[in-house]
Each structure stands twice: as C-alpha cells, then as structure tokens.
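Okay, so here's the structure we're looking at.
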Amino acid sequence: MAVRRVLFAVSEVAPWIKTGGLADVAAALPAALRARGLDVRVLVPLYPALAQAFAQAPIIAKLPAAGGDLPASLLREATAPDGTPLLLLECAQLYARPGNPYVDGAGHDHADNAIRFGLLSWVAAVLGSAASPLDWRPQVVHCNDWQTALAPAFLRYSELAAPHAATLLTIHNLAFQGLFDHAVLAALGMPPQAWAIDGVEFHGHVSFLKGGLQHADWITTVSPTYAAEIQTEAQGLGLDGLLRWRSSHLSGVLNGIDDAIWNPALDPHLAAHYDARRLAAGKAANKSALQRRCGLPRRDDIPLFGVVSRLTEQKGFDLLVPLETQLAALPAQLVVLGTGTHELEQAFRAMAARHPDLFCVSIDFDEQLAHQIEAGADIFMMPSRFEPCGLNQMYSLRYGTPPLVRRTGGLADTVVDATPASLADGSANGFVFEEPTSQALLATVNRAIVLWRQRRQWRTLQRHGMRQDWSWTQPARVYDELYRRLLAR
C-alpha cells in the first residue's frame, strides 16, 4: 500500500529550536521523504523562535482541553523555507518560554514538562485518529524520543475514534526516558489500567518512553549497531528486556546529513572551497585559516586534531584530558569547540593555558567555527563511550577529515578502521579503537599520525570518505519502506 501522509511529531526542529541532532533530523528527514513524494507534515510546539519566524501563521484548529490537566490549545499552519508544512502547537502557558525547550535558565527541568510534552503527544494522537479536526489525516504518526512517545499509548488507552494511524517511534537517545511521578498519570488523563507492567509504569514512575516502546507499531533507532546495543543489559538502561521482547518490531536506520549545508565545495564559512578532486590545496588553506583564527602557529608539519562536541564523559573526553603531556610531546595541535560539564570545561581551559601554541579551546556554540574545524582539522576526534548515531563523523568524512572514533553505535556503522587490509581493499575511511581507555585512544592517535605522514595513502583515505553518500536519500528510502510495511500489516 502506498503511504502518502505522515505526521512527524517532534519537540524541536532546526534552525529555530535546537539542542542536538534531533532538531537536524526533524529538518532534514521530512524534506527527504517529501522528495520521494510523501506528504509529510511536522508537528512541533510554537516556541518563541517559531512564533517570531511565523508571526502570521493562521489558526487551523482549536483543540479543547483534554482529560486531566492537559489545557486547550491551538494549531497553526506554516511552511518551512524548504516547503515542508509545519503544524505549530500553540499553548502560551506551556511553550512561550525562551531558550532551551526542556530546562529553565538555571538548567533545571521545567516542573511541568510532563504536561508540556503530554499535550504534544496527545495532539499527535488526536491528529492520527478519526477525531482529528483537520481534513488532512496521516496514515502514519512518526514519533521521536520521549517527548512524543506517549502518542501510541494515548491511542491505546483513550477513547479517540477509530480508525487510527499506524505509529512508529524513533529512539534518538535511550538515556532520556521522560520519567515522572505516579501522580502525573491522572494529570495526563491516562486511565488507571495504564499503570501496569505492560503500560507506562517503570519502576514506580510514569515513563513516556516506555509507553511508546510498549505500544508503537514499530520502533527504530538511529543506527543498526545502536539497535543491537540497547537490547543488552549494559546499554539498555533498564529497558533492554522490553526491547528484546519487541525485537521483531525494532530496526536501526542510520541517520543522514544535510549535504547541501555540509558541503566543502560550497560552504560559505570556509576560507577556501574544495572537493575530492581539488583536495590538497583546499585543506591546506582551511588549516592555515583555522590556525590563524585560533591563535596557533601556522604549521603544516604537525597534525591538527579537531573536536566539536558536548564535553561530557558520554562523549569520552575524560579519556582525552589525561593525554595532555603525550599530545604536546608528539607534537600535535588540538582545537576544541563545545560546552559540557564544569570539570571538563575547566580541564580543557587549563590545557590551553599551559600550551597556547598547541591547544585552543572555545567553550561556546559557534556554527561558523564548527564548519571551519571540520574543514581545517587533519583528524576529527570522537572517543564516545556510547553514540546512538553521531553526525560529526559524517560531516568529517564529507570534509576529507578522517574521524578517530571508538567502536560504538553509529560510529561503528560509519567509520572503517584503517588497517593494512582495509587500506588495501579501499574500504578504510578513518580510525577506530575498542576499549574506552586513554591508552587505547593514544595508541590510535599514534596510528593516525603515522598514516598522516604518508601523504599518498592519506589522500586516498580522505577521498574515500568524501565520495561516500552520507545524505538522507537512503534513510528516507528505508523509512518509506517501513511505513509501507506498517500499513500492509
């Protein structure tokens, strides 16, 4: 059965509201699906940035107060610059808050997050039911992470009129599960029978994510390896048993990247444009420009490592800090961009202060500098302890900057270690280590530098990554097939 109508329900969407890769997916995947002929509309709360961007967006539906404490709301309609229709959920008391959509200015979760994202899930369920106030009705409701994961549970437990759309839930990061006190159940308008082991109850809490995993018609994650990892006790975070039980309805679909934005041949942030055929001069010009911007000596005789990341233990940067002396002795330059835990931020600042000619650290979010690091670095570093998908390693491959990663999640699915065998058959595109230790990271750094000095092999490694297809074309095709299978079932 051909699938034509998909509601993509999400809590953030680039460029208006972004805390991580989810927002990039919400911008790129619907557009790629629309390029395949699907009618995809994105449901997202009307945060201040979206209200400003679409001040004239007309009201297309008034949604009365639902059960529990879920308030009345409005639905506005707008169109993104790429032509993707947006359904903007307006409820000023819940969404008219500046900054991060999940936390307040002090970094604490909003006390009413259960109601804020319970309403978003409820509206997604309503639009996917015969009770929808719109003429347009989706055949599939595609939910994303815990913030919209209750939609399948609402369709299961509510009295919304049938027939219902099929539901698909994508886990972008299992670590965020939407856990709330039992009292939230009544506030959401959920019936008592939802408080059960096969419902939304999870170790004495209401779990939005568990409710979705239990009741969605299909579950995806953002890489095949991560789909396997979350079914293990080590990485399942208490949900591995449920995920194993649902394994016949679970698959991993590797994310893509927006190859129009991340394109070294056209990127407006770069000092020089280049592609796989015009590589050496372009990389050299961008390395020189990055060194100049960061106040580092302009040297082409030592490698420059780049980092653009959250500076947290999950991302493995506690493994890098102890290597300060060894990196300085190589010698190698290091440019770091990101924010994270106070301890790691301070550690990286101290490294830069002790070695200003080798290390540059910017505790900030700077989109222009992120692009310049991808283009100007020789090697990009991602030593993550776990990584559901990761996008920066794909940006790096696109920019001819071989990534150095730990074998986990999407990093394992995208980076092929440069071994003698993979270099001989042409499949190598980066460097991979196994154990999450500083020693393993340092050994791989040394391997990378050895190959970096062999310029002919290095150019071959760079070009292979640049010529691979990291776009959303293939993921969109896979999702299109999944939607069709759901309806055929």
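If you go through segment 1-28 and keep only what is assigned to a helix (DSSP H, G or I) and of a type outside the set (A, V, I, L, M), you end up with Gly21, Asp24.
When Ala328 is tested against (1) in a helix (DSSP H, G or I); (2) closer than 29 Å to Ala14 by Cβ, just one condition goes unmet, and that condition is (2). Just checking, does segment 302-311 include any residue being crowded, with 16+ Cβ neighbours inside 10 Å, in a helix (DSSP H, G or I) and not polar (S, T, N, Q)? No: zero hits. When the residues of segment 84-99 are filtered to those that are part of a loop (DSSP other than H, G, I, E, B) and in contact (Cβ under 8 Å) with a residue 24 or more places away in the chain, the one that is nearest to the chain's Cα centre (by Cα) is Thr84. Only one of the numbered conditions (1) crowded, with 22+ Cβ neighbours inside 10 Å; (2) over 20 Å from Ala276 (Cβ atoms) is not met by Leu397, and that is (2). Restricting attention to segment 371-410, the residues that are within 23 Å of Ala234 (Cα to Cα) and in contact with a Pro (Cβ under 8 Å, 6 or more places away or on another chain) add up to 7. Filter segment 436-489 down to the residues that are charged (D, E, K, R) and within 27 Å of the chain's Cα centre (by Cα) and list them by number. Passing the criteria: Arg463, Arg467, Asp469, Arg477, Asp480, Glu481, Arg484, Arg485. With the condition kept exactly as written, say whether any residue in segment 309-317 is aromatic (Phe, Trp, Tyr) and closer than 23 Å to Ala175 by Cα. Looking through segment 309-317, at least one residue is aromatic (Phe, Trp, Tyr) and closer than 23 Å to Ala175 by Cα. Is it the case, given these coordinates, that Ala375 is without any contact (Cβ under 8 Å) to a residue 60 or more places away in the chain, aliphatic (A, V, I, L, M) and farther than 24 Å from Glu229 by Cβ? Judged against the criteria, Ala375 is not a match. Evaluate segment 387-403: report whether one residue or more is in contact with a Cys (Cβ under 9 Å, 6 or more places away or on another chain), in the same structural domain as Pro297 (by TED's automatic domain parsing) and not hydrophobic (A, V, I, L, M, F, W, C). No, every residue in segment 387-403 fails to be in contact with a Cys (Cβ under 9 Å, 6 or more places away or on another chain), in the same structural domain as Pro297 (by TED's automatic domain parsing) and not hydrophobic (A, V, I, L, M, F, W, C). The residues in segment 100-128 that are crowded, with 22+ Cβ neighbours inside 10 Å, over 24 Å from the mean Cα position of the chain (by Cα) and outside any helix (DSSP H, G or I) can be counted, and the count is 1. Looking only at residues of segment 29-83 that are part of a loop (DSSP other than H, G, I, E, B) and without any contact (Cβ under 8 Å) to a residue 12 or more places away in the chain, we find that the one that is surrounded by the fewest Cβ atoms within 10 Å (Cβ to Cβ) is Gln56. In summary, helices (runs of 4 or more DSSP H) completely within segment 372-466 and bearing 3 or more residues that are under 25 Å from Asn286 (Cβ atoms) occur at 392-398, 438-452.
Could we say that Asp259 is closer than 30 Å to Arg293 by Cα, in a loop (DSSP other than H, G, I, E, B) and at pLDDT below 95 here? When the stated conditions are applied, Asp259 passes them.
Against the conditions (1) surrounded by fewer than 15 Cβ atoms within 10 Å (Cβ to Cβ); (2) in a helix (DSSP H, G or I), Leu290 satisfies every one except (1). Looking only at residues of segment 1-22 that are in contact with a Pro (Cβ under 8 Å, 6 or more places away or on another chain) and surrounded by 18 or more Cβ atoms within 10 Å (Cβ to Cβ), we find that the one that is farthest from Pro475 (Cα to Cα) is Ile17.
Every test in (1) in contact with an Asp or Glu (Cβ under 6 Å, 6 or more places away or on another chain); (2) over 27 Å from Arg455 (Cβ atoms) is passed by Ala347 save one, and that test is (1).
The values are calculated or read from the model by the stated rules, or taken from the named source; none is laboratory data. Because the structure is a prediction, the values reported are computed rather than measured. Reconstructed Cβ throughout: ideal geometry from the backbone, glycine too, with neighbour counts over all protein chains shown.
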